[in-house]
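The structure appears below as structure tokens.
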Amino acid sequence: MIHELPKLPYSADALTTAISAQTIDFHYGKHHQAYVNNLNNLIVGTPYENATLETIIKEAEGGIFNNGAQVWNHTFYFEAFSPNPQASPAGRLLRLIESDFGTLTEFKDKFNKAALSLFGSGWVWLSLNNQGHLEISQESNAGNPLRKGLKPLLTCDVWEHAYYLDYQNRRADYLPKFWEVVDWKVIADRLG
Ligand code: MN
């Protein structure tokens, strides 16, 4: 099976209040594409040649895991954005956030703290656990909560390549801009 770089649901210059076209060109056009290419090269002749990305994330190790998870993680990250986002959660998603974190603001604060305190490269996640509660988790490198049986809902890429062209070393400046383009409609659809 040949993995492909999915088309973005917006143009490269659609999110410029938060993420520049140059960052999209490099992050999506170069980094994401490279993970797709690496994965396609690595799986040839292995048990993962016809595996889905989800199976690769749950079962593979080493380069196949790293590149497969990075393909999935980046698609999940980019597809959460919109130039006209639903700016806040509603319905069941909002009720879950309020019961597990207090308020939307308290949730964002906790998520941002997890993003700021993640040392090195990785991802911060909001997931639904088996008890029906929301969890924030930090994952290093290509880590993905599917591997722990969680249902991912939202992720923030805190690898420097996600923000360095726009915010240089200032991860704390990237995070509020990230929230400006997150489309809560997408997150609610993932919750189902
Ligand atoms: Mn990235």
Zero-based 5 Å bins, Cα pair distances in segment 21-79, whole percents:
4, 21, 30, 22, 13, 7, 3, 0
Kindly state, to the nearest 0.05, the FRET efficiency for Arg170 paired with Glu135, given R0 = 30 Å and r defined as their beta-carbon distance.
0.65
Taking a probe of 1.4 Å, how large is the accessible area per residue of segment 52-192, in Å²?
44 Å²
Of every hundred units of 1.4 Å-probe accessible area on the chain, the number belonging to carbon and sulfur atoms, as a percent, is 51 percent
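I need the Kirkwood Rh of the chain: take the reciprocal of the average 1/r across all distinct C-alpha pairs and report it in angstrom.
Value: 17.1 Å, from the Cα pair sum.
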Under the Karplus relation with 6.51, -1.76 and 1.60 and θ = phi - 60°, whole-Hz ³J(HN,Hα) for segment 17-26, x at Gly and Pro, equal 5, 10, 9, 6, 4, 5, 5, 4, 4, 7
For the chain, with a Gaussian network of springs between Cα atoms less than 10 Å apart, report the residue from Gly143, Gly102, Gly29 with the top mean-square fluctuation.
Gly102
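With a cut-off of 8 Å between alpha carbons and a minimum separation of six or more residues, what is the relative contact order of the chain in percent? Spell out each step's value before the answer.
Values: 273 pairs, mean separation 49.2, N = 192.
It rounds to 26 percent for the chain.
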Theoretical ellipticity at 222 nm over the chain - DSSP helices of four or more residues, -39500 (n - 2.57) apiece, nearest 500
-13500 deg cm²/dmol
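Report the trypsin sites (Lys or Arg not before Pro) located in segment 103-185 that are in a DSSP loop and have at most 16 other Cβ atoms inside 10 Å of their Cβ, or state none.
Values: sites: Lys108, Lys110, Lys113, Arg147, Lys148, Arg170, Arg171, Lys177, Lys185; in loops: Arg170.
Filter output for segment 103-185: Arg170.
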Which pairs in the list Lys108/Lys177; Lys108/Lys185; Lys110/Lys177; Lys7/Lys185; Lys30/Lys113; Lys58/Lys151 are over 21 Å apart, alpha-carbon to alpha-carbon?
Lys30/Lys113
Which whole-number percentage describes the relative contact order of segment 21-79, with Cα contacts under 8 Å and a sequence gap of 6 or more?
39 percent
Rounded to the nearest 20 Debye, what is the dipole magnitude of segment 119-192 about its Cα centre when Lys and Arg each give +1 and Asp and Glu each give -1 at the C-beta?
240 debye
For a quick check, take a GNM of the chain with Cα springs below 10 Å and name the residue from Phe111, Phe65, Phe119 with the largest mean-square fluctuation.
Phe119
Run the simple label-point estimate for Thr16 and Asp109 please: 7 Å along Cα→C-beta, distance reported in nm.
3.5 nm
Taking loop as defined by DSSP and a crowding limit of 12 other beta carbons within 10 Å, which GluC sites (Glu not before Pro) in segment 38-105 fit?
Glu49, Glu61
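Please report the relative contact order for segment 91-191, taking Cα pairs under 8 Å with a sequence separation of at least 6, and give it as a percent rounded to a whole number.
Values: 127 pairs, mean separation 23.2, N = 101.
Reported relative contact order: 23 percent.
The values are calculated or read from the model by the stated rules, or taken from the named source; none is laboratory data. A quick note: this is a predicted structure, and the numbers were derived from the prediction, not measured. As a convention, Cβ positions derive from the backbone with ideal geometry for all residues, glycine included, and neighbour counts pool all protein chains shown. These accessible areas exclude ligands, DNA and RNA; they are computed on the full protein's heavy atoms, side chains included. Shrake-Rupley method; radii C 1.70, N 1.55, O 1.52, S 1.80 Å.
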